[in-house]
Amino acid sequence: MSEKKSSGVGRTRNFACVVYPDSAKENWQEILSELHVPAFISPLHDKDVNPDGQPKKAHYHVMIMFEGVKTKDQAYDIFEAIGGAVDREKNHGLEIIQSQRGYARYLCHLDNPEKYQYPQEMVRQLCGADYTTTIGLVTDKYKAIGEMIDYCELNDIYSFSELLRYARSERFDWFRVLCDNGTVVVREYLKSRHWTNFNLGGTDNE
């Protein structure tokens, strides 16, 4: 029984590492894609700073998500193939991910408002990995709806189609909420806003 337990030590599904553009292989993203492992590649983190205010060296965060449990050596094989900042002999640079959602959100600093907020649409998704689904929280939907209400108030918008077109081109996080489950709330808000404005003698912007 103890032998069976020990055989699983160091095995998990999700791993990550940092990739520096100047030391990675030139076509490292294509190499990673051709390995057919679901993965996320963060936007280039070129606006991070150290605690002393000095800029950090530009880098990517790469997160791989195997369908079954793998050893650290198997993850090292992937990251070494792309030139990631890992050292197998020193057991350095390889991150074992405890929370898939938590690390995926860190790719853009979504839960770290004190850090630069990188655009979610810049995350590269490989081999079927779905970034928006992975990072999704119920509170994100509420936040997006609140932001849309503020946007409509600020820009005097009454038309759902106008909001939808804007979200599609400028705020894909809003667009997804509208497509998935936020349409009813936002439509009712715009309808009520139009009715209130009309009864107060305002103009019809439709």
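Within the stretch 1-13, being assigned to a loop (DSSP other than H, G, I, E, B), open to solvent by less than 90 Å² (accessible area, probe 1.4 Å) and at pLDDT 50 or above holds for one residue alone: GLY10. If the condition is being under 24 Å from MET122 (Cβ atoms), without any contact (Cβ under 8 Å) to a residue 24 or more places away in the chain and not small (Gly, Ala, Ser), then the stretch 151-167 contributes TYR151, LEU164, ARG165, TYR166.
If I ask for residues that are modelled with pLDDT under 95, part of a loop (DSSP other than H, G, I, E, B) and under 30 Å from SER33 (Cα atoms), which ones from the stretch 129-159 would you list? Passing the criteria: ASP130, GLY136, LEU137. Pairs only if they're at least six apart or on different chains, beta carbon under 7 angstrom, first in the stretch 168-193 and in contact (Cβ under 8 Å) with a residue 40 or more places away in the chain, second open to solvent by 80 Å² or more (accessible area, probe 1.4 Å); list them, first residue then second. As it stands, the answer is PHE172/GLU121, since those pairs meet every condition given.
Taking the criterion of being within 24 Å of the chain's Cα centre (by Cα), of a type in the set (S, T, N, Q) and part of a loop (DSSP other than H, G, I, E, B), the residues of the stretch 62-105 that qualify are GLN98, SER99.
The condition (being within 20 Å of the chain's Cα centre (by Cα), open to solvent by 70 Å² or more (accessible area, probe 1.4 Å) and not aliphatic (A, V, I, L, M)) is satisfied by just one residue among ASP46, ASP52: ASP46. Answer with yes or no whether TYR118 is in contact with a strand residue (DSSP E or B) (Cβ under 9 Å, 6 or more places away or on another chain), free of Cβ contacts under 8 Å to residues at least 60 places away in the same chain, under 18 Å from ALA58 (Cα atoms) and surrounded by 13 or more Cβ atoms within 10 Å (Cβ to Cβ). Judged against the criteria, TYR118 is not a match.
For the stretch 14-38, a tally of residues being modelled with pLDDT under 95 and surrounded by 10 or more Cβ atoms within 10 Å (Cβ to Cβ) returns 2.
Restricting the first member to the stretch 74-89 and to residues that are closer than 12 Å to TYR60 by Cβ, and the second to residues that are charged (D, E, K, R) and outside any helix (DSSP H, G or I), the beta-carbon pairs closer than 7 Å and six or more apart or on different chains are ILE82/LYS25; GLY83/LYS25. Taking the criterion of being acidic (Asp, Glu) and either open to solvent by 100 Å² or more (accessible area, probe 1.4 Å) or under 26 Å from the mean Cα position of the chain (by Cα) (or both), would at least one residue in the stretch 177-194 satisfy it? Yes, that holds for at least one residue.
The values are calculated or read from the model by the stated rules, or taken from the named source; none is laboratory data. Values in this document were obtained by computation on a predicted structure and should not be read as measured data. Glycine also receives a Cβ, built like all others from the backbone with ideal geometry; neighbour counts cover every protein chain displayed. Note: accessible area is taken over every heavy atom of the protein model, side chains too, but ligands, DNA and RNA are not part of it. Shrake-Rupley method; radii C 1.70, N 1.55, O 1.52, S 1.80 Å.
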